[in-house]
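The values are calculated or read from the model by the stated rules, or taken from the named source; none is laboratory data. The model shown is predicted, which means the values in this text are computed figures rather than measured ones. Reconstructed Cβ throughout: ideal geometry from the backbone, glycine too, with neighbour counts over all protein chains shown.
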Amino acid sequence: MSPEAILECVPNFSEGLDAHKVRQIIAAMEIEGVHLLDWSLDADHNRSVVTIAGAPAQVMEAAILAAGKAAHLIDLTRQTGVHPRIGAADVIPFVPVANISLADAAMIARQAGLQIWRRYGVPVYFYGAAAARPDRVNLEDVRRGQFEGLREAALKDAARRPDIGGPELHETAGASVVGARNFLIAYNIYLGPAAEISQARAIARDLRASSGGMSGVKAIGVLANGRAQVSMNITDYRLTPVARVHDEVVRLARQHGAEIAEGELIGLIPQDAYDPSALWHQQIPGFDSDARILERKLDHPLAWPGV
């Protein structure tokens, strides 16, 4: 691993209503060698997403500390939201950025998961390139049943037990899903004001790869901010560029009797996913390429939030 290696981590936390709690979780990540690139709260999904990057060992430690702080602050027995979740620190993906391989990121994910269990008693499932079993490569397979269903299933079915810790989940913090993956783009499109969630779900069904749609695209239809939305994860933006996904959503929306409205980007995109002339990011209110492209953001990171 090169001394100039850069590793990204994009932890998702099951809290999108209490900004003070989220700031405390983010503040726990402030260590030398780690840069805060982005963070956002989503009240409807009751979820927050944070992006950090820097030296691999330090990024790993920052993620572990954040998982511990989330376990202390978030009680899943009192938490509800649109987004599926099994843990306070729900998913912790490590993403290679420069001079580090996906295999290296997977090794770091395994080390981080072990420390989360040892330090905080939160069981861990591994997914993506760090998966210990083929039926846990896909995140949605691990999260099946969510916190409420998994805490029962893990006690009754050996196939649902955590990879580390357990078999019971943490009483209030659930379990964390820790993994390694290549860059993922989280991109959402709202439908027009007259659209219904059934239309968003139909569009998502036709769009996602698992239903025979676009390769490398995961999609669900949800209500967000009281509006129908197609919520997407683009897992291979080189194979399926965001512009093509946008155009397909436009086509499917018309097919299902709806129109699209504005877009939404969660987190950052890599430089090679950005085309200045593309329509998709022009339809995102306030889109700023300097603030949304990871490589540019590394030169101008955010200040760590005070608590």
Q: Could you list all residues from segment 285-307 that are in contact with a Phe, Trp or Tyr (Cβ under 9 Å, 6 or more places away or on another chain) and hydrophobic (A, V, I, L, M, F, W, C)?
A: 293, 294, 302
Q: Only one of these is among the β-branched types (Val, Ile, Thr) and touching a Lys or Arg at 6+ places or on another chain (Cβ under 9 Å): 91, 137. Name it.
A: 91
Q: Give just the number: which of (1) within 21 Å of the chain's Cα centre (by Cα); (2) part of a strand (DSSP E or B) does residue 236 not satisfy?
A: (2)
**Q.** Subset of segment 135-184 (residues that are assigned to a strand (DSSP E or B) and touching a helix residue (DSSP H, G or I) at 6+ places or on another chain (Cβ under 6 Å))
**A.** 164, 174, 176, 177, 178, 179, 180
Q) Which one is farthest from residue 140 (Cα to Cα), of the residues in segment 193-214 that are in a loop (DSSP other than H, G, I, E, B) and in contact with a Lys or Arg (Cβ under 9 Å, 6 or more places away or on another chain)? A) 193
Q) Is it true that some residue in segment 69-80 is modelled with pLDDT of 95 or more and of a type in the set (Gly, Ala, Ser)? A) yes
(Q) Just to check your reading of the model, which residue among 89, 66, 103 is over 18 Å from residue 168 (Cβ atoms) and surrounded by 21 or more Cβ atoms within 10 Å (Cβ to Cβ)? (A) 66
Q) Taking only pairs six or more apart or across chains, which ones have beta-carbon atoms under 6 Å, a first residue in segment 83-101 that is at positive phi, and a second residue that is assigned to a loop (DSSP other than H, G, I, E, B)? A) 99/2; 99/4; 99/5
Q) When you scan segment 36-81, how many residues do you find that are within 20 Å of residue 264 (Cα to Cα) and assigned to a loop (DSSP other than H, G, I, E, B)? A) 5
Q: Within segment 111-139, track down each residue that is in contact (Cβ under 8 Å) with a residue 40 or more places away in the chain and among the charged types (D, E, K, R).
A: 119
Q. Taking into account only those residues within segment 28-63 that are touching a strand residue (DSSP E or B) at 6+ places or on another chain (Cβ under 7 Å) and of a type in the set (S, T, N, Q), which is surrounded by the most Cβ atoms within 10 Å (Cβ to Cβ)?
A. 48
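Quick check on my filter: what residues within segment 1-35 are under 29 Å from residue 222 (Cα atoms) and not in a helix (DSSP H, G or I)?
8, 9, 10, 11, 12, 13, 14, 15, 16, 17, 18
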Q: Check off (1) over 24 Å from residue 218 (Cβ atoms); (2) without any contact (Cβ under 8 Å) to a residue 12 or more places away in the chain; (3) touching a strand residue (DSSP E or B) at 6+ places or on another chain (Cβ under 8 Å) for residue 156 and give me the number that stays unchecked.
A: (3)
Q: List the number of the failed condition for residue 27; all other conditions in (1) touching a Phe, Trp or Tyr at 6+ places or on another chain (Cβ under 7 Å); (2) modelled with pLDDT under 95 hold.
A: (2)
Q) If you check residue 48 against the conditions, is it more than 29 Å from residue 168 (Cβ to Cβ) and among the hydroxyl-bearing types (Ser, Thr, Tyr)? A) no
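Considering only segment 128-147, how many residues are among the acidic types (Asp, Glu) and surrounded by 13 or more Cβ atoms within 10 Å (Cβ to Cβ)? Working first, answer last.
The initial filter retains those residues of segment 128-147 that are among the acidic types (Asp, Glu), namely 135, 140-141.
From what is left, the residues that are surrounded by 13 or more Cβ atoms within 10 Å (Cβ to Cβ) are 141.
Of the residues in that region, 1 qualify.
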(Q) Would you confirm, using the coordinates I've provided, whether residue 220 is of a type in the set (Val, Ile, Thr) and either in a helix (DSSP H, G or I) or surrounded by fewer than 16 Cβ atoms within 10 Å (Cβ to Cβ) (or both)? (A) no
